[in-house]
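Quick note: the coordinates plus some simple rules give every number you see, no bench work behind them. Keep in mind the model is a prediction, meaning the values are calculated, not measured. With ideal geometry, Cβ positions are generated from the backbone for all residues, glycine too; neighbour counts draw on all protein chains shown.
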Amino acid sequence: MLKAENTLFTIVMLLYFASMILYFVFIAVKKDKIAKAAELVQTVAFVLHTAALVCRGIGAGRLPMTNQYEFATSFAWGLCLVSLIFIWKFKFPMLGAFTAPVIFLIIGYAAMQSKEVHELMPALRSNWLGFHVSTAIIAYGAFGVSFVLSLIFLLRDKMKDTGFWDKHVPSKEKLDIISYRSVSLGLLFLSFTIITGAIWAERAWGSYWSWDPKETWSLITWLVYAVYLHLRIRRGWKGRAAAIFAVVGFVCVIFTYIGVNTLIPGIHSYA
């Protein structure tokens, strides 16, 4: 199964790359058929990506969510899932043109990590693993989409006022609303991530919270997005300020995942 997973992973990388190129060609030649082809390739990549994760789980005899490689490929899977949902829901193929490079970069990062399967340390042998990490994957995917939407919002004024951009890129007001919904989804699942992590930590180490670097930066990330929602709901923050806030929030997400694991040792260093 692990050999099958390696083969599928390589195919998935190539498909994500092909999807990214097709989206770029769509922007260049402005043909809707190419956008549909790019979306189809991304969908096929997602299906095969799901199969690869299943093969990894069967081959490893556990959920594939316990090291840098597994979480990175799951992160890319979650971002692809949320982006496809938003593309279908809002009929917004241009979103794929911006999410595809981010997905490819994340799965490229996964490809650089060790794929070896190791025995789980005692702290990870818990049913809480699936709840904790799966909610983090959806949260990070939603935050990734909000990041991309915010970039589109910030670039919207620089897009020439042509029929193509008006057709395929929503107005700034709609972009703002879609980004807000994505942040709300991400914050909900990040809350589940922190809560399940605290319960799991108490059972594994006897304490709900230990101010481990990963815990601390997860809380910082949660606070950044919570402030975003508070200012939006209570103070009416919208537009450019909200978009910049969402971009900063995703920088915190990336640091929480990669920066903390790489630069700051702690009890989550294995993840």
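Its relative contact order, with pairs defined as Cα atoms under 8 Å and 6+ residues apart, puts the chain at 18 percent.
Compared with the direct C-alpha span, the chain from Leu188 to Asp166 gains 4.8 nm at full extension, assuming 0.36 nm per residue.
For the chain, the convex hull drawn through the C-alpha positions has a volume of 118 cubic angstrom per residue. Averaging 1/r over each pair of different alpha-carbon atoms in segment 47-147 and inverting the result gives 14.2 Å, the Kirkwood hydrodynamic radius. Full extension of the segment from Phe90 to Val251, taken as 0.36 nm per residue of separation minus the current Cα-Cα distance, would add 55.4 nm. For the residue pairs Lys158/Lys238; Lys91/Lys238; Lys30/Lys174; Lys30/Lys115; Lys91/Lys214, the C-alpha atoms sit more than 28 angstrom apart in Lys30/Lys115; Lys91/Lys214.
On the basis of the beta-carbon distance and an R0 of 22 Å, Ser114 and Lys3 show a calculated FRET efficiency of 0.85.
In this simple spin-label approximation, Leu219 and Ala51 carry label points 7 Å from Cα along the Cα→Cβ vector, and these lie 4.4 nm apart.
Counting 0.36 nm for each residue step from Lys33 to Leu155 and taking away their Cα separation leaves a gain of 41.5 nm. By the beta-carbon count within 10 Å of each Cβ, the least crowded to most crowded order of Trp222, Trp237, fewest first, is Trp237, Trp222.
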